[in-house]
Amino acid sequence: MYEFDWTSIPGALPFLAQGMVVSLQITGVAILVGIVWGTLLAMMRLSSASALSWFAAGYVNLFRAVPLVMVLLWFFLIVPHLLETLFGFPRGSDMRMGSAIAGFALFEAAYYSEIIRAGIQSVSKGQMAAASALGMGYAQSMRLVVLPQAFRNMVPLLLTQGIILFQDTSLVYVSALADFFGAASKVGDRDGRLVEMLLFAGAVYFVICFTISQLVRYYQTKLKTA
Amino acid sequence: MITMNKVSKHYGAFQVLTDCTTHVAKGEVVVVCGPSGSGKSTLIKCVNGLEPFQSGEVTVNGISVGDPQTDLPKLRAHVGMVFQNFELFPHMSIIDNLTVAQVKVLGRDPAEAQDKGMALLDRVELKVQALKHPGQLSGGQQQRVAIARALAMDPICMLFDEPTSALDPEMINEVLDVMSELAQEGMTMMCVTHEMGFAKRVASRVIFMDQGRIVEDDSKDAFFANPRSDRAQQFLAKILQH
């Protein structure tokens, strides 16, 4: 019978907290960049200029057709070389955080752009017509009229995608970056208590993600009644 | 003020407008009627370029709408339009609906835009609703706000696209009253509507459309007394039975 020993957890908490900060940083930046870049992609996809539309479609299809962990590995292997060559970064500097964030942001943008595209299409065409009739140009109509409504409808989906992204940050273990999951497994290895540490890490992920998804659900019911 | 010369439009093989020619003089109120699918809405949307057309010419105040050189947003800013489904901006308060384009398009001072907006809301008797959102108002109230929103831009003419078709019967008159007042003040108006009572009271001329063509374009009295085409006679017989 396996004997659980949880004693290594309290001492490891500061290290785990640092890992959590890394996870949250990656999540936060990737969500922000993903939404901004995803919005641009969605607008390109919906634009009547076929070159833009094709580019966006190609981008989205490419990133949605490859596994995330592979994208992360590409960025881990390629980005440092690129920065060294292009911008003269010193060889061997630690790019793991930067390349992880870049990988996540560019990957997630593909998913966000599809959510945002659906959101833009959910706003009735008449709204664009009304904005145009008032003399607003395309960019103004989008910014003042269409996107605010689109985002309002999209908030639940965007948050849900954010939760998935937060869980996926654990994949940065491929670059040996100490995010929360990585930190937990390092401590577990060190103390020979991997099972306990991973159970604990799982519980923490669960509590965070479950809480946020409940908030999303609450927001959704509020949105419906509003 | 508005001229249309042989305007034609098609979606693929489907011909929506064929050689439509008419004009609206300053201060005139022209009612556009006809069976559904006859191209009435498309016709007035060609006036501010919301619907592109393939051939012919539309000018507003001498400016060609179809000319690629024309600054369409600038032109549209001075052509008021009221839609069947109101199309107020649901994420903004009523007063913001009236001020946003004044400030962002015309570059008016926000305080001035606010004053103008409140005065227009007062005019359509909705000043007390200024801070509410469109969803909290009845259809008739929303349409009055939509008219006020268009007027806030100091339009040189107004286009109405079936402004009462989406309204419950008891709300139609409150909207028609506002439109009648506008007409009396000399606003140049082009109205797609089935409200023949409104046409009889307010219109200077009536345009009757069928299958994308302007079949009749006559003074109000001539149109109602003696429509020349069979289609117009049938249409009037059906619509005036009630």
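Quick one: in the range A:132-152, which of the residues that are within 8 Å of another protein chain (Cβ to nearest Cβ) and within 32 Å of the chain's Cα centre (by Cα) is modelled with the lowest pLDDT? Spell out how you get there, then give the answer.
Initial filter on the range A:132-152 (within 8 Å of another protein chain (Cβ to nearest Cβ)): A:132-137, A:140, A:144-145, A:148-149, A:152.
After this cut, where a residue has to be within 32 Å of the chain's Cα centre (by Cα) as well, the list is A:137, A:140, A:144-145, A:148-149, A:152.
On the way: A:GLY137: 93, A:GLN140: 94, A:LEU144: 96, A:VAL145: 96, A:PRO148: 94, A:GLN149: 94, A:ARG152: 88.
Ranking the qualifying residues of the range A:132-152, first place goes to A:ARG152.
Do we find that B:PHE53 is assigned to a loop (DSSP other than H, G, I, E, B) and more than 13 Å from the chain's Cα centre (by Cα) in this structure?
Values: assigned to a loop (DSSP other than H, G, I, E, B): yes; more than 13 Å from the chain's Cα centre (by Cα): yes.
Answer is yes for this residue.
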Inset, instruction - Answer yes if at least one residue in the range A:202-225 is more than 20 Å from the chain's Cα centre (by Cα), more than 14 Å from chain B (Cβ to nearest Cβ) and at pLDDT 90 or above, and no otherwise. - result: yes
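Out of the range A:51-72, which residues are in a helix (DSSP H, G or I) and more than 16 Å from the chain's Cα centre (by Cα)? Write out each step before concluding.
Going through the range A:51-72, the residues in a helix (DSSP H, G or I) turn out to be A:51-64, A:68-72.
A:ALA51, A:LEU52, A:SER53, A:TRP54, A:PHE55, A:ALA56, A:ALA57, A:GLY58, A:TYR59, A:ASN61, A:LEU62, listed by residue number.
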Inset, instruction - Check B:VAL175, B:VAL145, B:VAL192 and return the single one that is out of contact with any Gly (no Cβ under 9 Å at 6 or more places or on another chain) and among the hydrophobic types (A, V, I, L, M, F, W, C). - result: B:VAL145
Inset, instruction - Look through the range B:143-157, keep the residues that are within 11 Å of another protein chain (Cβ to nearest Cβ) and more than 12 Å from B:PHE89 (Cα to Cα), and return whichever of them is nearest to the chain's Cα centre (by Cα). - result: B:ALA150
Inset, instruction - Could you please find all residues in the range B:62-80 being part of a strand (DSSP E or B) and either within 14 Å of chain A (Cβ to nearest Cβ) or touching a residue at least 60 places away in the same chain (Cβ under 8 Å) (or both)? - result: B:ILE63, B:VAL79, B:GLY80
Legend entry - Of the criteria (1) more than 20 Å from B:LYS26 (Cα to Cα); (2) in contact with a Lys or Arg (Cβ under 6 Å, 6 or more places away or on another chain); (3) not aromatic (Phe, Trp, Tyr), which one B:THR188 fails: (1)
Inset, instruction - For the range A:95-111, state whether one or more residues are more than 23 Å from the chain's Cα centre (by Cα) and in a helix (DSSP H, G or I). - result: no
Inset, instruction - From B:VAL58, B:VAL7, B:VAL31, grab the single residue that is assigned to a strand (DSSP E or B), of a type in the set (A, V, I, L, M, F, W, C) and over 19 Å from B:VAL215 (Cβ atoms). - result: B:VAL58
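Looking only at residues that are among the small types (Gly, Ala, Ser) and under 13 Å from A:ALA105 (Cα atoms) in the range A:1-50, which one is farthest from the chain's Cα centre (by Cα)?
Among those that are among the small types (Gly, Ala, Ser) and under 13 Å from A:ALA105 (Cα atoms), it is A:GLY38.
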Inset, instruction - Select from the range B:78-130 the residues that are in contact with a Leu (Cβ under 6 Å, 6 or more places away or on another chain) and among the small types (Gly, Ala, Ser) and write down the one among them that is farthest from B:MET171 (Cα to Cα). - result: B:ALA101
Inset, instruction - Collect the residues in the range B:158-169 that are more than 12 Å from chain A (Cβ to nearest Cβ) and not in a loop (DSSP other than H, G, I, E, B), keeping them in residue-number order. - result: B:PRO169
Inset, instruction - Could you please find all residues in the range A:91-127 being more than 14 Å from chain B (Cβ to nearest Cβ), surrounded by fewer than 16 Cβ atoms within 10 Å (Cβ to Cβ) and of a type in the set (Lys, Arg)? - result: A:ARG91
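Can you say whether B:GLN102 is over 16 Å from A:GLN140 (Cα atoms) and either hydrophobic (A, V, I, L, M, F, W, C) or more than 8 Å from chain A (Cβ to nearest Cβ) (or both), as far as the supplied structure shows? Please lay out each step first, then the result.
On the way: over 16 Å from A:GLN140 (Cα atoms): no; either hydrophobic (A, V, I, L, M, F, W, C) or more than 8 Å from chain A (Cβ to nearest Cβ) (or both): yes.
No, not satisfied.
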Inset, instruction - Could you tell me which of the residues B:GLN136, B:GLN84, B:GLN129 is farther than 17 Å from A:MET128 by Cα, polar (S, T, N, Q) and within 13 Å of another protein chain (Cβ to nearest Cβ)? - result: B:GLN136
Legend entry - Only listed residue being within 30 Å of B:GLY107 (Cα to Cα), of a type in the set (A, V, I, L, M) and surrounded by fewer than 17 Cβ atoms within 10 Å (Cβ to Cβ), chosen from A:ALA203, A:ALA130, A:ALA150, A:ALA139: A:ALA139
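The values are calculated or read from the model by the stated rules, or taken from the named source; none is laboratory data. What you are looking at is a predicted structure, and each value in this text was computed from that prediction instead of being measured. In this analysis, Cβ positions are derived from the backbone assuming ideal geometry, glycine residues included, and neighbour counts consider all displayed protein chains.
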